[in-house]
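Data block below; observations after.
The values are calculated or read from the model by the stated rules, or taken from the named source; none is laboratory data. Predicted, not measured: the structure shown is a model, and the values here were computed from it. Cβ sites come from the backbone with ideal geometry, for glycine too, and all protein chains shown count toward neighbours.
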Amino acid sequence: MSKDIVDAMRKRFGTCLKEIEYLPERVEAVEKKSESVNGTNAGRKSLPEDKGPDVPADASSSKDKAPEPSFVLLDKNQSTVSDLQKEDARYLEKRDDTLALCRAKSDRTRKLAASQ
């Protein structure tokens, strides 16, 4: 039983390693696709070993000269635009709920005063 589990784990680990090996090639393909769609470098700095889209990249050279993947470093202390929009939406929702509650209370007070 435990041998089967160990074998399954080894197989999955091997699969993960293969996926990690193919990841730089996939990132490069996505960057090339975004370049062709956007017509820009898609935020990637031009590297000296970049020859351009007309030079074919075979598997051995792509592993040796794989460019660093593009990424954005976010500061957790700084709010992003989407965070600010979510805060505004929450604020407006709470404000509307509070105003509705105040109106309901004032309506009840007026009705109670009229009945007495």
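Brief remarks on what is shown
- Selection status of Lys65, of a type outside the set (A, V, I, L, M) and modelled with pLDDT of 70 or more: no
- Unique residue being more than 28 Å from the chain's Cα centre (by Cα) and modelled with pLDDT of 80 or more when the list is Val6, Val55, Val30: Val6
- Restricting Leu101, Leu47 to those that are of a type in the set (A, V, I, L, M, F, W, C) and either at pLDDT below 55 or touching an Asp or Glu at 6+ places or on another chain (Cβ under 6 Å) (or both) reduces the list to Leu47.
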